[in-house]
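The values are calculated or read from the model by the stated rules, or taken from the named source; none is laboratory data. A quick note: this is a predicted structure, and the numbers were derived from the prediction, not measured. Here the Cβ is made from the backbone with ideal geometry for all residues, glycine too, and neighbour counts use every protein chain on show. The protein model used for the area step is the full one, side chains on, heavy atoms only, and it has no ligands, DNA or RNA in it. Shrake-Rupley method; radii C 1.70, N 1.55, O 1.52, S 1.80 Å.
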Amino acid sequence: MSVRNTYKYDFKIGNKIAHSGITKDLERRETEHQVKWPKGHIVSVGNRTTEEAAREWEESKHKS
């Protein structure tokens, strides 16, 4: 059985997406991004999913 422990997220500054990615720890990742973009925040995309499915989503986002 696959474990659904990975979040997909967009890091936004206002209404603009600055970065999209995946993580198992949203709070830690938000803090890391805020070093570069202090006024930004994370918005979770959908429900937690498997790491494999999250990686596929991330790759499709970065190809666009």
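Site pair Val43 and Ile13 shows an inter-label distance of 1.6 nm when each label is modelled 7 Å from Cα along Cα→Cβ.
For the chain, give the percent of accessible area contributed by carbon and sulfur heavy atoms, probe 1.4 Å, rounded to a whole number. Show your work: numbers first, answer last.
Working: 2170 of 4660 Å².
Of all accessible area on the chain, carbon and sulfur atoms account for 47 percent.
Translational diffusion coefficient of the stretch 12-64 (Stokes-Einstein, Kirkwood radius from Cα pairs, 10 °C, 1.306 mPa s): 134 µm²/s. Here the extension length gained between Val3 and Ser60 equals 18.4 nm, from 0.36 nm per residue of separation less the Cα-Cα distance.
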